[in-house]
Amino acid sequence: MARDELDLGRFSEPALLVMVSLADGPKHGYAMIEDIERLYGVRLGPGTLYGVISRLEQRGLIVPLATQDRRRPYKLTAAGASAVRAQLRGLRDFVATGLARLRTT
Amino acid sequence: MKWLLRLYPAAFRERYGDELAALMDDLGGGPRVFIDIVRAIVRAHVATIARRYSMTTSPVSPPLGGRFMLARVGSSRTRRVVTVGMSLAVHVGIIAAVLLGGFMRVEELPAPPTVLTVVVAKPPPPPPAAPALPRAARRTPPPLHATPPELTVPELAPEPKRAVSSAATDASETDSPDAQDRGEPGGLGSGPGLGEPGNAPAQGAGPPKLLAPNVGESQRLSGEMPAYTAQARAANIAGAVMAKVCVDTHGSVTSVAILRGLPMLDETVSATVRSWRYRPFQFNGHALPFCHVARFEFRLR
């Protein structure tokens, strides 16, 4: 468990945000930025976003779809979906443990 | 700001350049976007280098699916090393650019001085025309004192006017310098006029050009440098004498006006300089009268 938490820490946060944003359907860059801001209160810069996109795409966690008017939507792959699920579960356990500890002190 | 995208690694640019440009159109500019893009460009380069490097050193197989996190851990050290290296390179580059920019600025500066000298050379003509006479008049006393004949001639004139004893002659003698300073029109007024006979012809031929000291000096053909007088040496007089030397169209010295003098040395300077010969100053194919300021250093050894 501790090992997972450590890996969780290394998992770059913007990547998780992007994958969560794509969890309910394909989106292009601008839609992701708006969605993430609404979801999490963080506005990703275009450079950061595309850094994340290129990394996730390389690892087969997301795939590009056909361009629509210069804007290219991205879709979460099955591998990507299971990776986010694992990450979020790990996070949930982490959050639960943290909150439980706070309650006991 | 989209020109920035050209700085991305070529592969990244080819794959994402268009859509990133479209996104930037949607987002608009701003300093935050600028910084974000610059940072992302550096990271993209780091990632490209790190990937190439970790392929040969890291035993971790190409990441697939959920294992990519492990792969990232494996390459994180090389990534950090490369990041630090890139950061250092970027900083060195910026410092070098600033320094080089500074040097280039400084190299541009020397140009104005040459322009300035041209500008300086132009204005002088007006001043010599007007102040030449008063200055010459003021500076003539030394020759007057040194050449008694000139003094005695005007001295004889007032004598009859005042018609007094020999004591009065002494008085008129002490009077004379004052009278010159005030420019009184009395008989003494002819004193400076006599002392400056060469100035008139030079001006008649048109106002002489004032040349830069080194230019004037280079026109000189012959003539000795003024030597110390025994008196001055005995009196330990040292320093610089500055004289305005005017030369006619034939190369002869027409006047020597002491601009800054030293006691017991002005006279030798003007006497020696008067014997100098110059190459006529040619301007637009015509010989022109000219003046230049010469400086004479007298040093006791």
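Here are the numbers for this structure:
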read-out: Within segment A:48-57, tally of residues that are more than 7 Å from chain B (Cβ to nearest Cβ), of a type outside the set (V, I, T), over 18 Å from B:D25 (Cα atoms) and open to solvent by less than 50 Å² (accessible area, probe 1.4 Å); value: 2
read-out: Residues within segment B:281-293 that are farther than 30 Å from B:Y228 by Cβ and touching an Asp or Glu at 6+ places or on another chain (Cβ under 8 Å), tallied; value: 1
read-out: Those residues of segment B:271-285 which are within 14 Å of B:A243 (Cα to Cα) and under 29 Å from the mean Cα position of the chain (by Cα), in sequence order; value: B:V273
read-out: The lone exception for B:D18 - which of (1) farther than 25 Å from A:V63 by Cβ; (2) surrounded by fewer than 17 Cβ atoms within 10 Å (Cβ to Cβ) it fails; value: (1)
read-out: Scan of segment A:63-72 for residues that are part of a loop (DSSP other than H, G, I, E, B) and within 9 Å of chain B (Cβ to nearest Cβ), ordered by number; value: A:T67, A:D69, A:R70, A:R72
read-out: Which listed residue is more than 9 Å from chain B (Cβ to nearest Cβ) and open to solvent by less than 60 Å² (accessible area, probe 1.4 Å), from A:G60, A:G45, A:G90, A:G29; value: A:G90
read-out: Some residue of segment A:73-81 being buried (at least 20 other Cβ atoms within 10 Å of the Cβ), in a helix (DSSP H, G or I) and aliphatic (A, V, I, L, M); value: no
read-out: Every residue from segment A:70-90 that is over 13 Å from the mean Cα position of the chain (by Cα) and in contact (Cβ under 8 Å) with a residue 24 or more places away in the chain; value: A:R71, A:R72, A:P73, A:G90
read-out: Any hit, segment B:54-72, residues being facing chain A (nearest Cβ under 10 Å) and modelled with pLDDT of 85 or more; value: no
read-out: Output for segment B:235-275, where each listed residue is under 22 Å from B:L221 (Cα atoms), in a loop (DSSP other than H, G, I, E, B) and either open to solvent by 50 Å² or more (accessible area, probe 1.4 Å) or hydroxyl-bearing (S, T, Y) (or both); value: B:T249, B:H250, B:S275
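Conditions tested, residue by residue: (1) in contact with a strand residue (DSSP E or B) (Cβ under 9 Å, 6 or more places away or on another chain); (2) within 22 Å of B:A44 (Cα to Cα).
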position	(1), (2)
A:H28	yes, yes
A:Y50	no, yes
A:R59	no, yes
A:R101	no, no
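The values are calculated or read from the model by the stated rules, or taken from the named source; none is laboratory data. As the structure is a computational prediction, the values presented were derived from the model and not from experiment. Using ideal geometry, Cβ is built from the backbone for each residue, glycine included, and neighbour counts are taken over all protein chains shown. Heads up: the accessible areas ignore ligands, DNA and RNA and are worked out on the full protein's heavy atoms, side chains in. Shrake-Rupley method; radii C 1.70, N 1.55, O 1.52, S 1.80 Å.
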